[in-house]
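Shown next, in structure tokens, is the structure this report addresses.
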Amino acid sequence: MPTIKEIAELAGVSRGTVDRVLNNRGSVNEQTAKKILAIAKRLDYKPNRAGLVLAAQKKNLHLGVILFGEGNPFFDDVVSGIREKEAELASYNCQILLRWTKVDTKEQIRVIDELLAEGVNGIAISPTNDRRLAQKIDKLVADGIPVVTLNTDIEGCLRLAFVGSNYYQTGATAAGLMRLAAGKGDTPINVGIISGSDEILCHTERIAGFKHSVREDDRFSIIKTITNDEDDTLSYERTKSMLTEHPEINALFFAASGIGGGCRAAEDTGRSKDLTIITYDAVPDTVRLLKEGVISATICQQPKLQGQLPLEILFAYLAAGEEPKQEFFHTTVDIRIRENLEIE
């Protein structure tokens with residue numbers, strides 16, 4: 001098995017320099033780093049995982065987690081997954097620092113800086129899709145702080161991996177479910193779309209997938225798209241206004257949370273029995289509305305896994321130098337209807 005010493009001799013550098021490159025610690029000249037990585041790849045260098053994990057116990061790693069949507073019941077299961085992984089990693093002296101923010105780029109950057117001040121070695125984040133945050137993530141990576149995104153992604157940055165749904169695909173899946181629920185025939189499907197925020201990539205990607213799927217289906221018309229900031233009260237008010245202004249709407253696609261408030265608006269306007277409604281997740285409101293027949297189907301996305309896997313990826317990378325096997329770790333497309341709600 002090749003060693004760090006052999007790689008250092010071939011590269012003409014010190015063992016410390018090789019160690020920094022292979023373990024992403026500290027700054028090394030870009031050309032030198034590329035040379036070292038090329039040699040390690042040619043020699044099929046594999047780190048001694050047991051030794052590195054043992055070393056991780058001495059490092060006392062700190063992993064930061066930044067989520068938005070505190071109070072959103074979807075994230076209850078995400079946090080449950082985080083806590084389970086936290087208990088597992090505690091035996092390696094790895095601590096988890098969980099922080100909540102609003103859907104606000106400046107606040108997310110501020111919280112990142114707070115975590116850096118507390119000495120975090122890696123960060124898992126549900127990010128806004130904002131260039132300023134992408135630049136911040138690139139700076140973290142350049143400084144040896146790996147970043148994994150979860151639940152929603154961010155475009156154009158050097159984050160290590162993403163854990164969450166293939167949102168474009170699940171948007172297309174929602175369109176397919178709506179088509180099935182509406183049944184055959186030539187009755188128009190006039191859709192009102194309720195999103196959370198244009199700053200969240202998973203919401204915009206779901207809508208893009210939905211629209212792409214129906215683009216050549218003459219039955220479908222997108223009547224109006226609204227946002228609700230994933231707030232039930234706002235969802236109620238704006239959904240009610242949309243349904244009042246557009247009585248021709250006969251289908252609702254919830255691309256985000258706020259489902260309880262939005263469906264209450266459908267009920268209060270006397271429209272719930274006339275609407276085909278497709279949603280995401282199996283939070284308490286959604287489960288109740290599925291059982292009552294208000295919602296036709298919901299698409300789940302393994303929230304506990306979204307909490308666990310980013311921490312597993314970060315720990316393996318920091319403790320054992322293991323690169324993720326892939327960039328995108330997409331969760332299973334899990335469709336629930338009233339008849340299969342209890343399946344685990």
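Just so you know, all these numbers are worked out from the coordinates, no wet-lab data involved. Keep in mind the model is a prediction, meaning the values are calculated, not measured. Cβ atoms come from the backbone with ideal geometry, glycine included; neighbour counts cover every protein chain shown.
Phi-derived couplings, Karplus 6.51 cos²θ - 1.76 cosθ + 1.60 at θ = phi - 60°, listed residue by residue for segment 88-93: 5, 7, 4, 5, 9, 6 Hz, with x used for Gly and Pro. Helical runs assigned H by DSSP (4 residues or longer) give the chain a calculated mean residue ellipticity at 222 nm of -14500 deg cm²/dmol, each run adding -39500 (n - 2.57) before division by the residue total. Loop-located trypsin sites (Lys or Arg not before Pro) across segment 157-257 with a Cβ neighbour count of 11 or fewer within 10 Å are LYS184, ARG215, with loop assigned by DSSP. Applied to segment 243-257, the Karplus parametrisation 6.51 cos²θ - 1.76 cosθ + 1.60 on θ = phi - 60° returns per-residue 3J(HN,Hα) values of 5, 6, 6, 10, x, 6, 5, 10, 8, 10, 10, 8, 8, 7, 6 Hz, with x for Gly and Pro.
For segment 167-300, the normalised intensity computed at q = 0.12, 0.20 Å⁻¹ comes to -0.38, -1.17 (log10 of I(q)/I(0), Debye sum over alpha carbons, equal scatterers, no solvent).
Using a 10 Å cut-off on Cβ atoms, rank the peptides 65-74, 124-133 from the highest mean neighbour count down.
Listed from highest to lowest mean packing, they are 124-133, 65-74.
Among beta bridges identified by DSSP and lying wholly in the chain, the antiparallel ones come to about 10 percent. Taking 15 Å as the straight-line reach from the Cα of LYS85, the aspartates and glutamates in range (excluding those fewer than 8 positions away in the same chain) are ASP76, ASP77, GLU312. One quarter of the convex hull surface built on the alpha carbon atoms of segment 283-343 amounts to 5.1 nm², the projected area averaged over directions. Counting neighbouring beta carbons within 10 Å and listing from fewest to most, the residues SER241, SER257 come out as SER241, SER257.
Taking amide H atoms as placed 1.01 Å from N in the peptide plane, list the residues 5 or more away in sequence, or in a different chain, whose amide H sits under 5 Å from that of ASP231. Under 5 Å from the amide H of ASP231 lies no amide H from a residue far enough along the sequence or on another chain.
The C-alpha radius of gyration of segment 4-46, expressed as a fraction of 2.2 N^0.38 Å, stands at 0.97.
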